[in-house]
Amino acid sequence: MPEAKAAILIIEDDRETRNRMARALEGLGYVPICAGSGEDGLTAFAARRPPVVLLDVGLPGMDGVSVLQEIKRSAPDTTVIVTSGHRDVGTVVRAMKLGAADFVTKPFDTQELAFCLAAAWEQRALRGEVDALRNRIPPTREDAK
C-alpha cells in the first residue's frame, strides 16, 4: 500500500505522455513530479528524493540508462520503473540488470501502471520488513561464513 499522497517522479520527454502519466498518478492518489529530460529529472530527484521514479529509457541527451545509474548510485533504495515506447529488449534488459524494478510499455495502460506501482510498494514494504528483522536478529555462525 502506498504512503499517503506519495510523490512519484515522472521523467519523460514527450509532453503528452508526461501529462497523461501525471493525470493517471493523480487519479491513483499519488503526487506527480514531472521532468522533461534526464538532467531535469536528476535535479528534481535530488530536490525531492521521491521513493518511486517512472523513467523513460529513450530520453534524448542524457539517456534513461544513465539517469537510472545515477539515481541508483545516489539512492539505491529508490524504486525505478522504466518505460519505453519502443520494444528495445536490450535496453530494457540492461536497465533491469542495473536495478530497475519493472517495465511499462508506452502507450501505457493505467491499470498496468497501477499494478506495477502496487508491486513496487509491496517490494518496498518487504525490504523494510527484512531490514527490520535483520536489525533485531543477531547473525548466526552460518551467516558469518
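The values are calculated or read from the model by the stated rules, or taken from the named source; none is laboratory data. Remember, predicted model here, so these are calculated numbers, not experimental data. Here the Cβ is made from the backbone with ideal geometry for all residues, glycine too, and neighbour counts use every protein chain on show. Surface accessibility is based on the protein's heavy atoms, side chains included, excluding ligands, DNA and RNA. Shrake-Rupley method; radii C 1.70, N 1.55, O 1.52, S 1.80 Å.
For the chain, which whole-number percentage of the solvent-accessible area (1.4 Å probe, protein heavy atoms only) is attributable to carbon and sulfur atoms? Numbers along the way, then the final one.
Details: 4350 of 8350 Å².
In the chain, the share of accessible area belonging to carbon and sulfur is 52 percent.
What is the sum of charges, Lys and Arg at +1 and Asp and Glu at -1, for the other residues whose Cβ falls under 15 Å from the Cβ of Arg15?
Net charge in that neighbourhood comes out at -2.
Using the Karplus curve 6.51 cos²θ - 1.76 cosθ + 1.60 with θ = phi - 60°, what ³J(HN,Hα) values do you get for each residue of region 16-30, in whole Hz, with x for Gly and Pro?
Listing the rounded values in order: 4, 5, 4, 5, 5, 4, 4, 5, 4, 5, 4, x, 8, x, 9 Hz.
In percent, how large is the relative contact order of the chain, given Cα pairs closer than 8 Å and 6 or more residues apart? Intermediate results must be reported in sequence, preceding the final value.
Working: 205 pairs, mean separation 28.4, N = 145.
Contact order relative to length: 20 percent.
Taking only DSSP H segments of four or more residues, each worth -39500 (n - 2.57), what value at 222 nm results for the chain once the sum is divided by all its residues, to the nearest 500 deg cm²/dmol?
Calculated from helices alone, the mean residue ellipticity at 222 nm is -16000 deg cm²/dmol.
Can you tell me the Rg and Dmax of the chain, counting just the alpha carbons, in angstroms?
Answer for the chain, Rg first and Dmax second: 16.0, 56 Å.
In degrees, nearest 10, range 0 to 90: what is the angle between the Cα axis of helix 64-74 and the longest Cα principal axis of the chain?
The helix 64-74 is inclined about 30 degrees to the chain.
Would you kindly compute the Cα radius of gyration of region 19-59 and its largest Cα-Cα separation (Dmax), both in Å?
Reported Rg and Dmax, both Å: 10.3, 27.
When a/c is below 1.5 the answer is rounded, else prolate if a/b is larger than b/c, else oblate, so apply that to region 23-108 with a ≥ b ≥ c taken from the square roots of the Cα gyration tensor eigenvalues.
It is rounded, given that a/c, with a ≥ b ≥ c, falls under 1.5.
Using a 1.4 Å probe, what is the accessible area per residue for the chain, in Å²?
Result: 58 Å² per residue.
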